[in-house]
Every structure is written in structure tokens, then in C-alpha cells.
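Below is one structure, written out as C-alpha cells; the observations come after it.
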Amino acid sequence: MLRALDDAVVLEIGDVTGVEYAGKLLADLGARVVKIEPPDGARSRHQPPFQGDASDPDSSIHFWYYNTSKESVVCDVTTAQGRERLQALLPGATVVLDGGDAPLPAMLGLAGTGAEALGQGIVYCRITPFGDDGPWAGYRSSDLVQLAVGGIMASCGYDDPTAHPVAPSGSQSHHMTGVNIAMGVLVALLGRSRTGAAAPLDVSAHDCVALSTEMAFTYWEYQRTTPRRQTGRHARPYDTSAWNHLCRDGRYVSCLPLYLTDDRFAAMVDWFDEHGCAGNLRDPRYATRDQRTALLDEIIPVIAEFCARQDSDYVFHEGQARRLPWAPVGATWDLLADPHFIDREAFVMVARPEPDATFSYPGAPYKLSRTPWSLTGHAPSLPHPEAPAHPAALVAKGGNA
């Protein structure tokens, strides 16, 4: 069965995580993604953790994940020979993801500054921390810097007004950027199929992060109010009630006090009453939704006390049975054993030749029936610098070129 991008060939330049993630998304949709690496390998090859604690370029688990289904070519762009080697790959490319320090046309010494310099029909996507123009053009950055200047950190942290802002972990800014790169490329390819022209793309990581601040921007734009950080829940301009509660088994459950319609509230009170934990929630003061909203500070402690007496799985399943939007706060290792994810094949096994073993990877983030997603191969090993790089040598996905 054909996949969405089976006819696309992507050159991936630059080893910023956002670029690598975009390349991975496109590769898993069927594109042939050829990663351009320096002689000692992409920086991500040297990023821990390492399989078996062996810190060699082919053992980085970080690299393995972000480079599934790709091929690799070594081009030392600091030399004329390396630049010629890279330029020879351009005629076979459909898309160029350019996350290098300098724009690819300038680095290769081509006439022109954008897509027209690379070849007609190529979708050229330039990716930088802050764009190639403007007062911050050329500035270097990091995940932490992007989360700070993009506004994400201003909304993440704890209730204590003296507490510092908190940066979400896991390269969040890079993932925001990677998803936007992939979407932009898909739109550009669709446009090219309709008009015959390939529109260039200019992706700034700063723009991607700034557009992902949830309600913070709209609160300021429409109300001129600034949301405050609140523990484990949405930042708001006003205080909200806690909804993460510790259960008897030591795990937390997120019990949203939202959507407590009359029927759901009555079902919750009946449930609590079965355990002798309903407190005074049958009082007429809680009869209507407006009344309950005004009295949440009295309702929340009753919910917290109930959770403290129960195991998290019980609170989750019985709460869901009563149409309450409650769920356990899962750790990474919980997800691997989640029966729902297992049933939907959310994790897939990928074999690697070195070591000769299979490893569990996150699977498709979406289900496409007619052009299915599939993770077709492991990340490539670092090829020898003198391995052939002519397009004719690009014969197999999931390997070295």
C-alpha cells in the first residue's frame, strides 16, 4: 500500500533536534530522507543515553529515536570536496530541510539566496532559531532559551508566587518546531502538486514556540491580564482550585472539577457516600452548577480526602464510569504497559543489527487508512566518509548511502 510521501526525497541538513524530528515524521510517512552528516557524525550521535553505556556514534538512544527510517551520507561541508558532494545530491531532492548555520545556497556558493538557487521544483525549508532576518537573526539558541523567550516558561511552575518558572523537559521547543516544519512541508508539497510551483518555507523556532502558549496570549490580547503559574494546571489570571490529588497507592490522580453538571455531581456524591466520604456535599448549597463553582474551595478538600483513601486505578475507572474527567498521572514506564496503547499498537518493535536486538519505539501519532504511517527501519549507522554519495547509490531506506 502506498504511503503519503512515497515519491518524496528529502535532504536533511543540520542536527538540531527540531530538524531531526521533522525529518523523522516525513520518513515515517514514506519519504526517503537522506541525512547529511559531518565526518564524526551528527552531534545527536554523541548525546546520551547510550545503549550499553558505550558512547560511540552508533549507540545513542537519543539519535536512534529521532532518525528512524532515514539514510545517511557524510559530507564535510568545510571542504570544497564535501560541498561538491552535497551539491551533487540536490538534483534528486524533492525537499531540502536546511537547519545549517548558514543558508545552503550561500554555503555552496550558488547564485541566489533561496529555493531558486537549488533547483526548480525543490521545496526549500530554511529552519533557524529566530529567522534569517530581524534583530535576532544569527543568534544561537537552545531548548531552554526558546521556552523562556517564547513565553512557555511564564505559564509553567507552582502556585507559590515566589517560586521560579519551570521549563518543561523533553525538548519541547524542538518538538513544536519539528511538527510545524513537517506540516509546512506537507502544505508546500500539496501546493506544488496543484500549481507546479514550490513555495519556500522560513521556519523560526521562536515563532513556533510563541504560537504555543495556550491561553496566555489570548488573556493578554483580549483582557490585558497576565496568567499566573499554578501547580499542575492551566495558568490563569485568577486562582483556581487544585485538582491533582495523592492516592493511597502513592500515585496522583488528576480530578478536574470542571464539567460538574447536576447529574455528574449527584453520581459523584452517591459514590463518595458509599465509602462514607461525602461530607456535607448533599447540602442544598451545592444544588446548582453556579453554586458549586462558587464553592469549589469547599468541594475540592472532600475530593482530595476521598482520593487519599483509594487506589489510583479505582478512582480512575470508577470516576470514568460516572463520566467524570478524571485520570491517573502516568509515568513513562506506565505508558509502555498501558492496555489501551497496547491494543492500538501505539508502540512498535524495531530491530537493529548492532546490537542484534529489537527495541520498543513510539508508533504512529495518527491513523491513516489509505496512506498508512509506518516506521520502516532503524536509524542509520555512521557511514564511512568515503562511502559513495551519488544519488544512484541511494538504494535502500533505513540504511547507509
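The values are calculated or read from the model by the stated rules, or taken from the named source; none is laboratory data. Keep in mind that what you see is a predicted model, and the values were worked out from it rather than measured. Quick reminder, even Gly has a Cβ in these numbers, built from the backbone with ideal geometry, and neighbours come from all protein chains shown. Just the protein is used for accessible areas: all its heavy atoms, side chains included, with ligands, DNA and RNA removed. Shrake-Rupley method; radii C 1.70, N 1.55, O 1.52, S 1.80 Å.
Here the chain is assigned +1 on the Cβ of each Lys and Arg and -1 on the Cβ of each Asp and Glu. Its dipole about the Cα centre then comes out at about 780 debye. Candidates 253, 368, 161 compared by Cα position along the dipole of the chain: farthest toward the positive end lies 368, with charges placed on Cβ. Across the range 1-103, Cα pairs under 8 Å and at least six residues apart give a relative contact order of 35 percent.
A protection proxy built from the mean count of other Cβ atoms within 10 Å ranks the segments 368-378, 4-14, most packed first, as 4-14, 368-378. Set Lys and Arg Cβ to +1 and Asp and Glu Cβ to -1, take the dipole of the range 10-78 about its Cα centre, and tell me which of 29, 14, 47 lies farthest positive. Selected residue: 29. The helix-based estimate of mean residue ellipticity at 222 nm for the chain, built from -39,500 (n - 2.57) per DSSP H run of four or more residues and divided by its residue count, is -8500 deg cm²/dmol to the nearest 500. Rounded to the nearest 0.05, the FRET efficiency derived from the C-beta distance between residue 88 and residue 332 at R0 = 56 Å is 0.85. The HN-Hα couplings worked out from phi for the range 71-87 by the Karplus form 6.51 cos²θ - 1.76 cosθ + 1.60 (θ = phi - 60°) are 10, 9, 10, 8, 9, 7, 6, 7, 10, 4, 4, x, 5, 5, 4, 5, 5 Hz, whole numbers, x standing for Gly and Pro. With each label modelled as a point 7 angstrom along the Cα→C-beta vector, the residue 246-residue 224 pair spans 4.3 nm. Here the range 277-317 is assigned +1 on the Cβ of each Lys and Arg and -1 on the Cβ of each Asp and Glu. Its dipole about the Cα centre then comes out at about 180 debye. The packing ranking, built from the mean of other Cβ atoms within 10 Å per residue, places the peptides 52-64, 121-133 in the order 121-133, 52-64, highest first. The residues of the range 73-165 present an accessible area of 50 Å² per residue when probed at 1.4 Å with all protein chains retained. 3J(HN,Hα) along the range 219-225, derived from phi through the Karplus expression 6.51 cos²θ - 1.76 cosθ + 1.60 where θ = phi - 60°, amounts to 4, 6, 5, 9, 10, 6, 10 Hz, with x in place of Gly and Pro. Ordering 145, 95, 307 by Cα displacement along the dipole of the chain toward the positive end leaves 95 in first place; charges were set at the Cβ atoms of Lys, Arg (+1) and Asp, Glu (-1).
Is the shape of the range 225-327 rounded, prolate or oblate, going by the alpha carbon gyration tensor and its root eigenvalues a ≥ b ≥ c, with a/c under 1.5 for rounded and a/b larger than b/c for prolate? Spell out each step's value before the answer.
Working: a/c = 1.84, a/b = 1.16, b/c = 1.58.
The shape class here is oblate.
Among 357, 379, 27, the residue with the largest mean-square fluctuation in a Gaussian network model of the chain, with springs joining Cα atoms closer than 10 Å, is 357.
With the convex hull of the Cα atoms taken as the outline of the range 18-61, the averaged projected area works out to 3.5 nm².
Amide hydrogen proximity for residue 35: with H placed 1.01 Å from N in the peptide plane, the residues at 5 or more positions away or on another chain lying under 5 Å are 12, 71, 72, 73.
Projected over every direction and averaged, the convex hull enclosing the alpha-carbon atoms of the range 82-131 yields 3.3 nm².
Relative contact order of the chain: 20 percent, from C-alpha pairs under 8 Å at least 6 residues apart in sequence.
With r as the distance between the Cβ atoms of residue 321 and residue 285 and R0 = 30 Å, compute the FRET efficiency 1/(1 + (r/R0)^6) and round to 0.05. That pair, residue 285 with residue 321, gives E of 0.65. For residue 228, the residues whose amide H sits under 5 Å from its own are 236, 238, ignoring neighbours fewer than 5 places away on the same chain, with H placed 1.01 Å from N.
Measuring between their Cα centroids, the range 226-264 and the range 48-80 lie 41 Å from each other.
Stokes-Einstein diffusion for the range 240-294, with the hydrodynamic radius set to the Kirkwood value over Cα pairs and evaluated at 25 °C in a medium of 0.890 mPa s, equals 198 µm²/s.
Report, in degrees rounded to the nearest 10, the 0 to 90 angle that the Cα long axis of helix 296-308 makes with the longest principal axis of the chain. On a 0 to 90 degree scale, this one is about 80.
Note that the range 176-190 has calculated 3J(HN,Hα) couplings of 4, 5, x, 5, 5, 4, 4, 5, x, 5, 4, 5, 5, 5, 5 Hz, one per residue in order, obtained from phi through the Karplus relation 6.51 cos²θ - 1.76 cosθ + 1.60 (θ = phi - 60°); glycine and proline are x.
Each of residue 195 and residue 358 was given a label point 7 Å from its Cα along the Cα-to-Cβ line. The distance between the two points is 4.6 nm.
Can you give the % of DSSP beta bridges in the chain that are antiparallel, to the nearest 5? Walk me through the intermediate numbers first.
Values: 14 of 37 bridges.
Counting DSSP beta bridges with both partners in the chain, the antiparallel share is about 40 percent.
Normalised by the number of residues in the range 175-248, the mean separation of alpha-carbon contacts (under 8 Å, six or more apart) gives a relative contact order of 19 percent. If I compute solvent accessible area with a 1.4 Å probe over the protein chains, what percent of it on the chain is carbon and sulfur? Carbon with sulfur: 56 percent of the solvent-accessible area.
Note on the range 335-386: with charges restricted to the Cβ of Lys and Arg (+1) and Asp and Glu (-1), its dipole about the Cα centre is near 300 debye.
How large is log10 I(q)/I(0) at q = 0.11 Å⁻¹ when the Debye formula is applied to the Cα atoms of the chain, each weighted equally and without solvent? Taking Cα atoms of the chain as identical point scatterers yields -0.93.
Skip the ligands, DNA and RNA, and give the accessible area per residue of the range 295-349 with a 1.4 Å probe, whole Å². Numbers along the way, then the final one.
Numbers: 3400 Å² over 55 residues.
Result: 62 Å² per residue.
Eigenvalues of the Cα gyration tensor times 5, then square-rooted: what semi-axes does that give for the range 132-264, in whole angstrom, largest first? Don't jump to the answer; show the numbers that get you there.
Values: eigenvalues 246, 80, 50 Å².
Computed over the range 132-264, the values are 35, 20, 16 Å.
With a Förster radius of 25 Å applied to the C-beta separation of residue 120 and residue 40, the computed FRET efficiency comes to 0.15.
Given the C-alpha atoms of the range 1-115, compute the convex hull and give its volume per residue in Å³. Spell out each step's value before the answer.
Values: hull volume 11.6 nm³, N = 115.
Convex hull of Cα atoms, per residue: 101 Å³.
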